Structures are given as structure tokens and as C-alpha cells.
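The values are calculated or read from the model by the stated rules, or taken from the named source; none is laboratory data. The shown structure was predicted, so the numbers you read here are calculated from the model rather than taken from an experiment. Every residue, glycine among them, receives a Cβ derived from its backbone with ideal geometry; neighbour counts consider all protein chains shown. Protein only, heavy atoms only, side chains kept; ligands, DNA and RNA dropped before computing areas. Shrake-Rupley method; radii C 1.70, N 1.55, O 1.52, S 1.80 Å.
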Amino acid sequence: PEDTVTSSFASFIHGARPEHLSQTVRQRSKRMILDSIGVGLVGSTTRVFDIALRYCRLYSSVAVSSVYGKPGVKLSPTLAAFTNGVATHSMDFDDTWHPATHPSGAVLPALLAASQMLPPTTKPNGLDFLLAFNVGLEVQGRLMHFSTEAHDIPKRFHPPSVVGTLGSAAATAKLLSLSSAQCCHALGIAASLAGAPMANAATQAKPLHVGNATRLGLEAALLAARGMEANPLILDDIPGCSGFSAFYSIYQPKPLSAPGEHHEFLLEKQDIAFKRFPAHLGMHWVVDAALSVRNLFINYAGSFSPSLIRTILLKIPVSKYINRPFPSSEHQARHSFQFNACAALLDGEVGLGSFSESSIHRQELRELLDKVVVEHPEDNVANFDKMYGEVALLLHSGDVLTGKCDTFYGHWRKPLSKESLLKKFRSNASHVLPEEKIEAIITLVDNLENLSDSSQL
């Protein structure tokens, strides 16, 4: 059908060209690619990654695609995409957008795997790769804007498992140069493979959401390339028959304008949020607030002395799955306002080591958690563009010290500097790669437009 929402998306995917990417979009997306690779590399050291990799190695297949952090190990393209997607989200260290989703982890592993899958004569160059990556981002962002429900921290479906699957399909369809009709079917097939419940947040199953999104989107594009068809109105709002609208209670789709001088990529308008430590994005507000009030406390008392604190008051938005008073595992700790605030107060920082078994179960940390009281002010909404974090220390002396964060360092309103992003990448990558390879990746990504064969990445 002509002039439908779905056909407009398919036409956009098929018709996007490198010249449609502004310098701002190119630069921001290259920062995302570099950060996502680093997060995937350090994620390859986790237990959940090892479980996923062992599972994938059960299958005998054409092993042509590389795996993060495992030199010499290759899997089939779809299983490599899955495994690398799991690595990317294994620590909840990957980038976040608004409305809330993790865009890079759902797209980049599929493109890396697909670029290695293609024969030497049809390898996409770096500019093709960068364009496909941005097409995958754009599709995710536009889909998120179809529902006001999606603007808040999710309650039902984990967003990357929904929009990420279609973003992966769109990106891979672009990399494979599918026709407009095939792009349409790839989106329809992907919609049948999408969706994961929020109840699995803070468990080892949550990284599977990103792993499945990137894998299943790749599979959808491959199936469409081989002739499989799906509903050509999958993104349209058809009364009495849910398509993509099944994932949202309020759904108002709009056609996507053709790429060109009248289309502005969402990444042009809004930068991405990069995390400074491996935890749910909401934790970054309370950590910065906690660090602020910790400095006030040290100026007040001369040192950080928990015995002087009667109550720790957290003012946070209502969001059940990240309100966890006493987390008992690393994945719960990464999704706990209380834990991250107390870890920041106690240690003066939150980092990779904060989520180790020994750190989580420290007696002094547990004693701080016992003092936490939570309030949900009406003006503090569960929305990554509007929320804030506030930490108040009510002292036995009667004094009250307060720290508040409206915009943490790394948020799209306060983006990481180039130096901070490179420091994060080098630190993450150093867990599995030697220095010369780390610097080589930085150079490759920085010059991605000039790379003749994207599979080198």
C-alpha cells in the first residue's frame, strides 16, 4: 500500500544516503559506536555473557562473525549478534536515549556480524556501516515517539526488546541493500519477534533483551531478503487489529518523511546519554546528588562519619523496578536507588567494583541502607528528561544537609567530553585487549567514513 506509515518507514530505510547524515549526526553516532564497543568488551568478562556464549557454541554452523573479548572465537552471524548484544547490556553500562531505550546495543552487534557475513566482493565500507547504524537509531527513535507512554520509565515492555528489534531489522536491511518492499517486510517480521517484560529487569535475563533484539532484527532482515512477507501495515494504527500498537496503550503513528533536506535525524536534535558507571540510568541522578551531599558532609564533620547520620532521605520518582531497599545480587544493585546512593556516600564513587559480591554485602553498607527513607515528590516524574535525584542527610544533631542533581554528567544535556568518553572506552577495553588494539579501534571508529571494509572493525 502507498502512503501508509509503514511504507514511509520502508521508503526511508531504502532511500537514506550517506549525504543525508550531517556532521553532527556522524560525530555523535561515532561516539556511540566507540562507547558501545567498549561496553561490550568489558561485558564479555561477565558471568551472564559466559552463559550466553556457552549456549551459542552448542550449535554447529557457519562460524564467520567475531565475539567480543574472545580472540579466535567465531559464531554464526545471528548467534554472534546475540552474544555481543548480551555483552553490551550485561552490566547495564550501555547508552540511553529519550524516550527511554538503549539504542546502540540493539543495532551495532547485528551490523558487525552482518559485515563479516558478506562475501569479500560485497563488503560494505565504513560510510555504508555508519549510515546503516543511523538508520537503525532513527527507526527506534521515531517509534518511541508514537506513544506518550514511552516517554516515561517503562512499566510493561523493556523498550530495546521492542523498538530495538525493529531498529536492528532496519539497520541490517539497509546494510544488505534490501528493496523498499523487503524493508517493509523486515519491519513486519521483526514486530513478530519483539517484546520482553519488565519483570526480568535486575536479573540475568535482562541482557537477553538486547541480545535478542539485535539477533532477531538481523534474522528478520535475512528472512525478508529471502522472500518472507509480513503485514505491510504493521506500524499503522488499524482499528480492531493490533500491529506494533500492541506494545503501547496509547499509539499515534506518523509517517516518516523522506530522507533529504526536509528530514532532520533525531540524533541531530538530541544527543545521547553515556553512563559513567555500570548501572540503570536513573542511578546517575542519585549518585551525583549523593556525591554532592557527601562533600558537604565532609566539610561539615571533617570526614565521612556514618554514625552522625540518623536518616538518609531519597527523593526519587516512582518506578517500582528500581526502588530496591536491600538488593542481594549485582543485577539488583544496578537497579537500586538506595544501593547506589549509599555506595556513593560510603566510597565517594561508584564503579565496576561497586557491584561485586563483597561490596554489595559489606556490613557498613548494609547499615547505611537501614537508614534510608524514600519519598516520591509529585514534581519528580519517572522521565529521563524531567526527573531529578535528591539526597538529604538528617543528622543526629538536628542539622540537615542536602544534595540535588537535575542533570548528571553524561546526560544529553551535559554530554561527556571527548576526553571522558575516551577514558571510559580505554578503561573498559583494557579488561580484554592490549593497548595497541585499543588505540587501533579508536582510530578506526574516528575515521569510519574512510574505511574501505567495515568488517575490519
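Name the residue, out of 257, 249, that is open to solvent by 80 Å² or more (accessible area, probe 1.4 Å), in a loop (DSSP other than H, G, I, E, B), in the same structural domain as residue 146 (by the TED database) and among the small types (Gly, Ala, Ser). Residue meeting the stated conditions: 249. Remark: residue 57 falls outside the filter, which requires a residue to be more than 27 Å from residue 443 (Cα to Cα), in the same structural domain as residue 260 (by the TED database) and in contact (Cβ under 8 Å) with a residue 40 or more places away in the chain. Quick check: is even one residue across segment 148-159 aliphatic (A, V, I, L, M), crowded, with 24+ Cβ neighbours inside 10 Å and in the same structural domain as residue 28 (by the TED database)? Checking segment 148-159: not a single residue is aliphatic (A, V, I, L, M), crowded, with 24+ Cβ neighbours inside 10 Å and in the same structural domain as residue 28 (by the TED database). Counting the residues of segment 27-62 that are open to solvent by 50 Å² or more (accessible area, probe 1.4 Å) and touching an Asp or Glu at 6+ places or on another chain (Cβ under 7 Å) gives 1. Filter segment 373-421 down to the residues that are among the aliphatic types (A, V, I, L, M) and within 29 Å of the chain's Cα centre (by Cα), then identify the one that is surrounded by the fewest Cβ atoms within 10 Å (Cβ to Cβ). For segment 373-421, the residue satisfying everything is 374. Only a single item in (1) part of a loop (DSSP other than H, G, I, E, B); (2) open to solvent by 60 Å² or more (accessible area, probe 1.4 Å); (3) within 21 Å of residue 113 (Cβ to Cβ) is not met by residue 223, and it is number (1). Residue check: residue 45 meets all listed conditions (1) assigned to a helix (DSSP H, G or I); (2) more than 28 Å from residue 413 (Cβ to Cβ) but one, namely (1). Count of segment 1-19 residues, restricted to those that are in a helix (DSSP H, G or I), under 18 Å from residue 172 (Cα atoms) and open to solvent by 50 Å² or more (accessible area, probe 1.4 Å), is 2.
Cβ contacts < 9 Å: first residue under 15 Å from residue 418 (Cβ atoms), restricted to segment 27-51; second residue polar (S, T, N, Q), any location; separation 6+ or different chain. Result? From residues that are under 15 Å from residue 418 (Cβ atoms), the pairs are 29/104; 29/134; 32/104; 33/104; 35/104; 35/428; 38/427; 38/428. In the set (1) part of a helix (DSSP H, G or I); (2) on the phi > 0 side of the Ramachandran plot; (3) of a type in the set (A, V, I, L, M), residue 190 fails one condition alone, (2). Is one or more of the residues making up segment 193-204 assigned to a loop (DSSP other than H, G, I, E, B), within 26 Å of residue 388 (Cα to Cα) and hydroxyl-bearing (Ser, Thr, Tyr)? Checked against the condition, which is being assigned to a loop (DSSP other than H, G, I, E, B), within 26 Å of residue 388 (Cα to Cα) and hydroxyl-bearing (Ser, Thr, Tyr), segment 193-204 yields at least one hit. Put simply, of 277, 326 the only residue that is of a type in the set (A, V, I, L, M, F, W, C), closer than 30 Å to residue 46 by Cβ and crowded, with 21+ Cβ neighbours inside 10 Å is 277.
The selection criterion, being out of contact with any helix residue (DSSP H, G or I) (no Cβ under 6 Å at 6 or more places or on another chain) and not assigned by the TED database to the domain that holds residue 329, holds for residue 411. If you go through segment 284-321 and pick out every residue that is β-branched (Val, Ile, Thr) and open to solvent by 30 Å² or more (accessible area, probe 1.4 Å), you end up with 2.
Residues of segment 441-457 that are open to solvent by less than 50 Å² (accessible area, probe 1.4 Å) and of a type outside the set (D, E, K, R): 441, 442, 444, 445, 448, 451, 454, 455, 457.
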